[in-house]
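Report on the following structure.
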Amino acid sequence: MNLESATLDALRQSIQTEQSGQRRSIRIPERLYLYLQWEQDGTPMQRKAETVLLSWHGCLLLTDAAPGSNALLTIHWPDTGAVTSARVVSKEEDTDGMFKMALAFIDDANFWEIDFAAEGTKLHCLIY
């Protein structure tokens, strides 16, 4: 198996996090529709995406095309008009040609406008 350095680093970090049982924030299952934009070989790309899990620091989402690991992209949330930048932490292609991508926000601002520390929030979310 030949993994890119960034992919291998992300995998190591994930394993360490899972072993310690600690995450930087909780994960909330939520389906939101977004647009992703990035450049690939000098060509502007735009794709629709659907979130699977939200966190204070990023998200897990599904899309039909994806930039390389560690690539920078822009997230547009049309329901609120919010825009932010993110980095691809990991991506995985399934048998249907869809990509599952983990994204980390460049800024730790509360892009989702959710109080991840609220008592009631923990009762209705997955600790992933």
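Is it the case, given these coordinates, that Val83 is open to solvent by less than 60 Å² (accessible area, probe 1.4 Å), over 16 Å from Glu39 (Cα atoms), of a type in the set (Val, Ile, Thr) and modelled with pLDDT of 90 or more? Steps first, answer last, please.
Numbers: open to solvent by less than 60 Å² (accessible area, probe 1.4 Å): no; over 16 Å from Glu39 (Cα atoms): yes; of a type in the set (Val, Ile, Thr): yes; modelled with pLDDT of 90 or more: yes.
No, not satisfied.
Restricting the range 30-54 to residues that are in contact with an Asp or Glu (Cβ under 8 Å, 6 or more places away or on another chain) and not aliphatic (A, V, I, L, M), which is surrounded by the fewest Cβ atoms within 10 Å (Cβ to Cβ)?
Checked the range 30-54; the qualifying residue surrounded by the fewest Cβ atoms within 10 Å (Cβ to Cβ) is Arg31.
Does the range 28-47 hold any residues that are without any contact (Cβ under 8 Å) to a residue 24 or more places away in the chain and under 15 Å from Lys100 (Cβ atoms), and which are they?
Answer for the range 28-47, where residues must be without any contact (Cβ under 8 Å) to a residue 24 or more places away in the chain and under 15 Å from Lys100 (Cβ atoms): Arg31, Arg47.
If I go through the range 55-76 residue by residue, how many of them are assigned to a strand (DSSP E or B) and either open to solvent by 20 Å² or more (accessible area, probe 1.4 Å) or charged (D, E, K, R) (or both)? Write out each step before concluding.
So in the range 55-76, the residues assigned to a strand (DSSP E or B) come out as 55, 58-63, 72-76.
Now drop any that are not either open to solvent by 20 Å² or more (accessible area, probe 1.4 Å) or charged (D, E, K, R) (or both), which leaves 60, 62, 72, 74, 76.
Qualifying residue count for the region: 5.
Please find, within the range 86-117, the residue that is farthest from Ser69 (Cα to Cα) out of those that are open to solvent by less than 70 Å² (accessible area, probe 1.4 Å) and among the polar types (S, T, N, Q).
That would be Asn110.
Of all residues being among the aliphatic types (A, V, I, L, M) and at pLDDT below 70 in the range 98-128, which is farthest from Glu30 (Cα to Cα)? Just the residue, please. Can you show your working first?
If we filter the range 98-128 for residues that are among the aliphatic types (A, V, I, L, M), which is where we start, we get 98, 101-104, 106, 109, 114, 117-118, 123, 126-127.
If we keep only those that are at pLDDT below 70 too, we end up with 118, 123, 126-127.
Values: Ala118: 17, Leu123: 14, Leu126: 10, Ile127: 13 Å.
Result: Ala118.
Confirm whether Ile28 is modelled with pLDDT under 95 and in a strand (DSSP E or B). Explain how you work it out, then say what you get.
Working: modelled with pLDDT under 95: yes; in a strand (DSSP E or B): yes.
The answer is yes for Ile28.
Report the residue count in the range 86-106 for those that are closer than 18 Å to Leu34 by Cα and out of contact with any strand residue (DSSP E or B) (no Cβ under 8 Å at 6 or more places or on another chain).
So the count comes out to 0.
The values are calculated or read from the model by the stated rules, or taken from the named source; none is laboratory data. Because the structure is a prediction, the values reported are computed rather than measured. Ideal geometry is used to build each Cβ from the backbone, glycine not excepted, and the neighbour counts take in all protein chains shown. Please note that ligands, DNA and RNA were not included when accessible areas were found on the heavy atoms of the full protein model with its side chains. Shrake-Rupley method; radii C 1.70, N 1.55, O 1.52, S 1.80 Å.
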